[in-house]
1. Once you order the gyration tensor axes a ≥ b ≥ c over the Cα atoms, which shape class does segment 158-315 get: rounded for a/c under 1.5, otherwise prolate or oblate by comparing a/b with b/c?
2. Please give the charge dipole size of segment 197-276, origin at the Cα centre, charges +1 on K and R Cβ atoms and -1 on D and E Cβ atoms. Round to the nearest 20 debye.
3. Can you tell me what share of the DSSP beta bridges in the chain is antiparallel? A percent to the nearest 5 is fine.
4. Helix 89-98 versus the longest principal axis of the chain: what angle, 0 to 90°, nearest 10, using Cα atoms?
5. Under 5 Å between amide hydrogens, which residues at least 5 positions from Glu178 or on another chain qualify, with H placed 1.01 Å from N in the peptide plane?
6. Given labels modelled 7 Å from the Cα in the Cβ direction, how far is it in nm from Val220 to Val103?
7. Quick one: accessible area per residue over the chain, 1.4 Å probe, rounded to a whole number of Å²?
8. With only Lys, Arg, Asp and Glu charged, each at its Cβ (+1 for the first two, -1 for the last two), find how big the charge dipole of the chain is about the Cα centre; round to the nearest 20 debye.
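The values are calculated or read from the model by the stated rules, or taken from the named source; none is laboratory data. Everything quoted here is computed from the prediction, not taken from an experiment. Note that each Cβ is placed from the backbone with ideal geometry, even for glycine, and that neighbours are counted across all protein chains shown. Surface areas here come from the heavy atoms of the whole protein model, side chains and all, with no ligands, DNA or RNA. Shrake-Rupley method; radii C 1.70, N 1.55, O 1.52, S 1.80 Å.
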Amino acid sequence: MAEGKKRLLTGLQSSGTLHIGNYFGALKPFVDLYGDYESFLMVADYHALTSLKDPKLVQECIYNSVKDYLAAGVDPEKAVIFKQSDISEHTELAWIFDCLVTVPFLELGHAYKDKVAKGLEANAGLFTYPMLMAADILLYDTVIVPVGEDQRQHIEYAREAAAKFNSAYGQTFIEPKEHIVKAVGTIPGTDGKKMSKSYGNTVPLFGTRDEIAKAVMSIVTDSSGDRPENVYAMHKLLKTDEELAPLYEANKGSYKALKEALIEDLDTLLTPMREKRNSITDDDVKAVLKTGAAKAKAVASAKMEDVRKKVGVTL
Ligand code: AQP
């Protein structure tokens with residue numbers, strides 16, 4: 001590990017278009033913190049295979065993810081941006097963790113249950129996802145993982161995998177801590193449920209103004225109260241309660257006006273990011289990932305060499 005600097009790592013599935021839940025839940029917290037750490041930002045493309053089966057789309061989503069990271073303000077000179085599939089040690093370590101945890105333990109996973117309840121295929125990859133995520137984190141001796149509230153349990157799983165390995169084979173892995181921004185919580189989608197790429201209820205981070213406007217206008221509003229909570233939940237990501245109070249007071253019950261104000265505020269934040277994103281080419285993405293893969297591989301392969309020796313497969 002670099003002298004004096006702890007490691008920070010997060011990853012986002014390249015399973016669709018990033019949305020404002022991904023941005024405020026994980027990407028912005030990463031951007032806010034990453035300069036103080038030795039930082040890794042992963043494109044979780046193997047995780048994405050739990051839901052994506054079209055190779056062209058898989059590839060497109062990888063390009064898009066890296067463009068999103070760069071446009072959101074991540075400097076590839078200051079963070080290692082890499083894709084999971086470039087570092088085979090991730091799936092290798094996940095297998096070892098799979099052999100240490102039980103099926104009933106994995107059955108406690110909320111994300112798996114929620115996704116299956118939403119009609120997503122209950123494939124084995126989706127079920128063992130927390131162990132691949134544990135490998136993603138633990139391979140790098142990560143200390144802090146910026147994630148959204150919905151991923152809290154997955155960080156607990158990573159700690160559990162580390163503890164199980166350490167107690168079976170001796171101290172090897174650091175138990176990581178989640179960094180969750182309390183004020184952000186779980187951002188609701190346009191239907192009021194958790195905003196999620198695979199649920200079709202998102203406000204896209206890099207959509208056109210029209211796409212964002214269409215998504216915001218479709219937010220379901222509860223007619224029982226003065227304040228449309230699903231609109232407010234998104235608005236408070238952009239402004240403080242004090243800043244929003246006069247607007248919501250003046251427009252009690254006028255949901256259309258409040259949604260228009262939200263579109264305006266989103267546009268103010270996103271326009272410069274969108275412009276930056278338009279200037280990033282596929283070749284830029286390839287260059288960033290090539291450099292990132294070399295750096296990530298150096299760390300992961302050293303760790304995995306130790307792990308192989310400890311489990312007894314090195315002769
Ligand atoms: N609604 C949300 N509110 C706050 N944070 C969120 N995140 C996702 N949705 C919200 C955070 O974004 C990061 C990346 O998530 P991921 O794509 O790796 O997995 P996810 O949590 O399953 O995200 P999605 O959008 O719901 O993707 P799909 O539908 O493909 O599974 C995580 O830190 C997550 O907490």
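1. Numbers: a/c = 3.38, a/b = 1.95, b/c = 1.73.
Prolate, because a/c is 1.5 or more and a/b exceeds b/c.
2. So the magnitude is around 300 debye.
3. Details: 2 of 19 bridges.
In the chain, approximately 10 percent of DSSP beta bridges are antiparallel ones.
4. Here the helix axis deviates by roughly 80 degrees.
5. Here Val145 satisfy the definition.
6. Computed distance between label sites Val220 and Val103 equals 3.4 nm.
7. 46
8. Numbers: 39 positive and 45 negative charges, 92 e Å.
Using only the charged Cβ atoms, the result is roughly 440 debye.
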